1. Does any residue in region 362-385 that is closer than 27 Å to His242 by Cα and assigned by TED's automatic domain parsing to the domain that holds Phe352 come within less than 6 Å, Cβ to Cβ, of a residue that is open to solvent by less than 100 Å² (accessible area, probe 1.4 Å) and assigned to a helix (DSSP H, G or I) six or more places away or on a different chain, and which pairs are these?
2. Out of all the residues in region 165-178, which are at pLDDT 95 or above and either out of contact with any helix residue (DSSP H, G or I) (no Cβ under 7 Å at 6 or more places or on another chain) or of a type in the set (S, T, N, Q) (or both)?
3. Please identify the pairs in which a residue from region 294-312 that is in contact (Cβ under 8 Å) with a residue 12 or more places away in the chain and among the basic types (Lys, Arg) has its Cβ atom under 8 Å from the Cβ atom of a residue that is more than 16 Å from ligand 3 (Cβ to nearest atom) and open to solvent by less than 60 Å² (accessible area, probe 1.4 Å), counting only partners at least 6 apart or on another chain.
4. Of these, Asp126, Asp139, Asp150, Asp96, which one is under 20 Å from His189 (Cβ atoms) and surrounded by fewer than 21 Cβ atoms within 10 Å (Cβ to Cβ)?
5. Could you tell me which residue of region 114-123 is nearest to Thr211 (Cα to Cα), considering only residues that are open to solvent by less than 40 Å² (accessible area, probe 1.4 Å) and not in a helix (DSSP H, G or I)?
6. Take the conditions assigned by TED's automatic domain parsing to the domain that holds Val297, open to solvent by less than 50 Å² (accessible area, probe 1.4 Å), within 16 Å of ligand 4 (Cβ to nearest atom) and not in a loop (DSSP other than H, G, I, E, B) and apply them to Ile183. Does it pass?
7. Starting from region 102-118, keep only residues that are among the hydroxyl-bearing types (Ser, Thr, Tyr), then list their pairs with residues that are not in a strand (DSSP E or B) whose Cβ atoms are within a distance under 8 Å, requiring at least 6 positions of separation or different chains.
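The values are calculated or read from the model by the stated rules, or taken from the named source; none is laboratory data. Just so we're clear, the structure is a prediction, and the values are computed from it rather than from any experiment. Every residue, glycine among them, receives a Cβ derived from its backbone with ideal geometry; neighbour counts consider all protein chains shown. Each accessible area value is taken on the protein alone, full model and side chains, heavy atoms only, with ligands, DNA and RNA left out. Shrake-Rupley method; radii C 1.70, N 1.55, O 1.52, S 1.80 Å.
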Amino acid sequence: MIHISNKQDCCGCTACASICAQNAISMAIDEMGFKYPIVNTNRCTDCGLCEKVCAFHNNYDKSNNFVVPFAYAVRHRNMEEIKSSRSGAMFIALSDYIFRNNGVVYGVGYATHFRAVHKRITNRDDCKELKGSKYVQSDLDGIFHQIKGDLQQGLYVLFVGTPCQTAGLRSFINKKNSEKLLICDIVCHGVPSPLLWDEYLNYMEQKMDYTIEQVNFRDKVKGWAAHYESFIFQNGKKIITHTFTDLFYKHLMFRPSCAVCKYTNTQRPSDITLADFWGWEKVNSDFNKDNMGCSLVLVNSEKGQRVFEAVLPEIHVISTTIDQCLQPNLQHPSFFSPLYAAFWKDYQQKGFAFVLRRYGDQGIRYKLSRLKGKIKQIIKRIIRK
Ligand SMILES: Cc1cc2nc3c(=O)[nH]c(=O)nc-3n(C[C@H](O)[C@H](O)[C@H](O)COP(=O)(O)OP(=O)(O)OC[C@H]3O[C@@H](n4cnc5c(N)ncnc54)[C@H](O)[C@@H]3O)c2cc1C
Ligand code: SF4
Ligand code: SF4
Ligand code: SF4
């Protein structure tokens, strides 16, 4: 039976809990806010299936993959779709294709208090909620079973998730039943803790004295390349900040398994990979001149290729090569901050407001370092003159 002695060994994909016929595995939240499998030994019959299905290792299934994926820069033809998506809106082109074929789409939306959860969506209107990246680990509870049920009913299914989630799903779904399943992963930097996301929302609500009615993890108000999150409060006020984004890029809030991620390469556990196309200028300097967003799309399998060709009327495409789009998380896992352990210790002992001041952009340290940077710039300018 599955037993997690080192937290880095489990990405929380739920494949083991889903496969257990005895219902012996539940996913329990730890003190950092991430879920791990716990086995009820009274129910377990020691069949070994949970260990077999786990795909968080280097030998995950790549049997359908092209030797080298085909790489494209992509933008949706409809600018409104680009504005409301994280990058070039490739996702909505794919989900529209699935709906045209009377299928269902699984992606990440929100539950109470903007908790990120995977959801089953059956129409275009509801699919708007899935648009945009939620930079926090999503809850997958029960989803793999729903997908299996849809496939047994003969429906087309699109699942979008982090590579560890798609690897888990691929391993859980029997290959024979997966003909109508299109799996898309994202290039993944790492997932922050849902607990810290909730703490941050509470912090903002207390600060503003109003509840939050809308969130956007990456508001394009200052363009696609600038990274800001935004909130709309009950009183109608909109606030744009970079506090959560800042902690995200400092690599302080990630799940421990992200430090040893198995999927930061070009052999993807999916049919199609979606990402931001950093460095798009090298391919065509006009393509994203308005800075509203450009998708990188990797086509990894024959099934992916068939669907990609079917959505061509919806998208502008420029073909490129893997060498031109190799961003860090296609080469190695994100390097965790040397302050990672201290950050979590401080959070557990002194609370969220404290770590925001010490490690984030809310304290005197951050303000002093910004001031120091500005003074340096001024001195350099004076010397140049
Ligand atoms: C945690 C995280 C880390 C990422 N890291 C990188 C990176 O390092 N480099 C890079 O180029 N791109 C990264 N991305 C992907 C990128 O932000 C866009 O999601 C991707 O380019 C798709 O954009 P789009 O315009 O096609 O679709 P959008 O309309 O923006 O669709 C987003 C899709 O992502 C899914 N999604 C949203 N949040 C999550 C989540 N928390 N977990 C799983 N799936 C989710 C939605 O279900 C939807 O299908 C990351 C995304 C996430 C969620
Ligand atoms: S060994 Fe079999 S019965 Fe026991 S927890 Fe794993 S899947 Fe369930
Ligand atoms: S990685 Fe997935 S399958 Fe493996 S132990 Fe964790 S939750 Fe279970
Ligand atoms: S970095 Fe790897 S382990 Fe972490 S969420 Fe992304 S795919 Fe999963």
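1. Gln362/Leu356
2. Gln165, Thr166, Ala167, Arg170, Ser171 - these are the residues of region 165-178 that are at pLDDT 95 or above and either out of contact with any helix residue (DSSP H, G or I) (no Cβ under 7 Å at 6 or more places or on another chain) or of a type in the set (S, T, N, Q) (or both).
3. Final answer for the pair search is Lys303/Leu182; Lys303/Asp271.
4. Asp139
5. Ala116
6. Working: assigned by TED's automatic domain parsing to the domain that holds Val297: yes; open to solvent by less than 50 Å² (accessible area, probe 1.4 Å): yes; within 16 Å of ligand 4 (Cβ to nearest atom): yes; not in a loop (DSSP other than H, G, I, E, B): yes.
Yes, satisfied.
7. As it stands, the answer is Tyr106/Ile143; Tyr106/Gln146; Tyr106/Ile147; Tyr110/Glu129; Tyr110/Lys134, since those pairs meet every condition given.
Every residue, every condition in (1) in the same structural domain as Tyr263 (by TED's automatic domain parsing); (2) under 17 Å from Pro163 (Cβ atoms); (3) basic (Lys, Arg), yes or no:
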| residue | (1), (2), (3) |
| --- | --- |
| Ile2 | no, no, no |
| Ala28 | no, no, no |
| Gly48 | no, no, no |
| Asn59 | no, yes, no |
| Ala71 | yes, yes, no |
| Arg77 | yes, no, yes |
| Ser85 | yes, no, no |
| Phe91 | yes, yes, no |
